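The values are calculated or read from the model by the stated rules, or taken from the named source; none is laboratory data. The model shown is predicted, which means the values in this text are computed figures rather than measured ones. Please note: Cβ atoms are built from the backbone with ideal geometry, for glycine as well, and neighbour counts cover all protein chains shown. The accessibility values were calculated without ligands, DNA or RNA, using every heavy atom of the protein model including side chains. Shrake-Rupley method; radii C 1.70, N 1.55, O 1.52, S 1.80 Å.
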Amino acid sequence: MTVAISNLQETVTVDERLASLVTMAVESALAGGAGPRVEVSVALVDDDYIHDLNRRFRGQDRPTDVLAFPMGEEEPGAGDEPGVLLLGDVVISLPAAVRQAAEYGHGFAWEVARLAVHGTFHLLGYDHERDEDARRMQEREDAVLAALSDTELAERAGAALQNAYAPYSGFRVGAALLVPGGRVFTGCNVENASYGLAVCAERAAVVSAVAAGVREFTALAVAVEGEKTALPCGACLQVLSEFAPGLRLILADGRGEFTVRTLSELLPEAFRLHRTDA
Ligand SMILES: [Zn+2]
């Protein structure tokens, strides 16, 4: 499937990470609901642009956050691959995404991805006019976004791995810690000539989050190279358990594939300090 993104506004820069997250969002929403030879076009616009479309095509004289225009026709354009189904256009207002990200307390890129998923489900025929339909659509969206969040976090851990300092073991590790509100803190392992002083990627990410004043964690991705995933060491499990005993753990290999575990499953009984003078 193909996702074509065009940036038709000038207020927000669309970097590679945002583009790749939007592509992943549309592809995840399409998976299972459309054939492989499908194209979706995503236009990123401003308030005026989407206001105009909303007025002309839906009779609503105000800006909105996302619009979807299904096509359902064979794309006849010259030079296009025959048999590619152009599913339609998703139009997203980036200024609306900026406002809603602040309102919902998550990241801007995440809000754009959420809108892209919503628009893509409209292209697939879902709508939310009736309560029952709205519930069905919301359920599908939530499932896609949960999987997308894990994939995105695993990728962030893989990117953090690139900074690992592991000249002694050669075992490079990256970690990405998602906290409520959507911020992500990353870490990598940092070794030392005095071997015992090595710091793991997971604890580096925890220290970074706590230093920023954050002590609640939602999920942690740990990425390694090669074809096998790795579990956090016992010391890291203990440190993570201090803040989030039920933490969701995403264990990724070097190919970007991952399994999901929970901290309480790996460390059911962590050490807790019971002071004798209390
Ligand atoms: Zn560790």
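Worth pointing out:
- Of all residues in region 253-272 being among the aliphatic types (A, V, I, L, M) and under 13 Å from residue 240 (Cα atoms), the one that is nearest to the chain's Cα centre (by Cα): 263
- Checking each residue in region 230-261 for being away from the ligand (no atom under 16 Å from the Cβ) and within 18 Å of residue 174 (Cα to Cα) picks out 248, 253, 254, 255, 256, 257, 258, 259, 260.
- Among the residues making up region 148-174, those that are hydrophobic (A, V, I, L, M, F, W, C) and either within 15 Å of the chain's Cα centre (by Cα) or farther than 18 Å from residue 237 by Cα (or both) are 148, 153, 154, 157, 159, 160, 161, 164, 166, 171.
- Candidates are the residues of region 197-229 that are within 22 Å of the chain's Cα centre (by Cα) and part of a strand (DSSP E or B); the one that is farthest from the ligand (Cβ to nearest atom) is 219.
- Apart from one condition, residue 214 fits all of (1) more than 24 Å from residue 102 (Cα to Cα); (2) of a type in the set (A, V, I, L, M); (3) surrounded by fewer than 21 Cβ atoms within 10 Å (Cβ to Cβ); the exception is (1).
- Scan of region 230-245 for residues that are surrounded by 17 or more Cβ atoms within 10 Å (Cβ to Cβ), among the hydrophobic types (A, V, I, L, M, F, W, C) and in a loop (DSSP other than H, G, I, E, B), ordered by number: 244
- Residue check for residue 109: within 16 Å of the ligand (Cβ to nearest atom) and within 20 Å of the chain's Cα centre (by Cα): no
- Criterion (surrounded by 19 or more Cβ atoms within 10 Å (Cβ to Cβ) and touching a Phe, Trp or Tyr at 6+ places or on another chain (Cβ under 6 Å)) met by exactly one of 205, 201: 205
- Flag set for residue 16, criterion: over 20 Å from residue 99 (Cα atoms), open to solvent by 60 Å² or more (accessible area, probe 1.4 Å) and without any contact (Cβ under 8 Å) to a residue 12 or more places away in the chain.
- Criterion: in contact with a strand residue (DSSP E or B) (Cβ under 8 Å, 6 or more places away or on another chain), within 22 Å of residue 153 (Cα to Cα) and surrounded by 13 or more Cβ atoms within 10 Å (Cβ to Cβ) - qualifying residue of 38, 45, 66, 26: 26
- Test: residue 194 is within 16 Å of residue 166 (Cβ to Cβ), small (Gly, Ala, Ser), surrounded by fewer than 17 Cβ atoms within 10 Å (Cβ to Cβ) and more than 14 Å from the ligand (Cβ to nearest atom): yes
- For region 180-191, residues that are assigned to a loop (DSSP other than H, G, I, E, B) and either closer than 24 Å to residue 109 by Cα or more than 15 Å from the ligand (Cβ to nearest atom) (or both) total 4.
- Region 82-141 - residue that is in a loop (DSSP other than H, G, I, E, B) and touching a residue at least 40 places away in the same chain (Cβ under 8 Å) and, of those, nearest to residue 152 (Cα to Cα): 107
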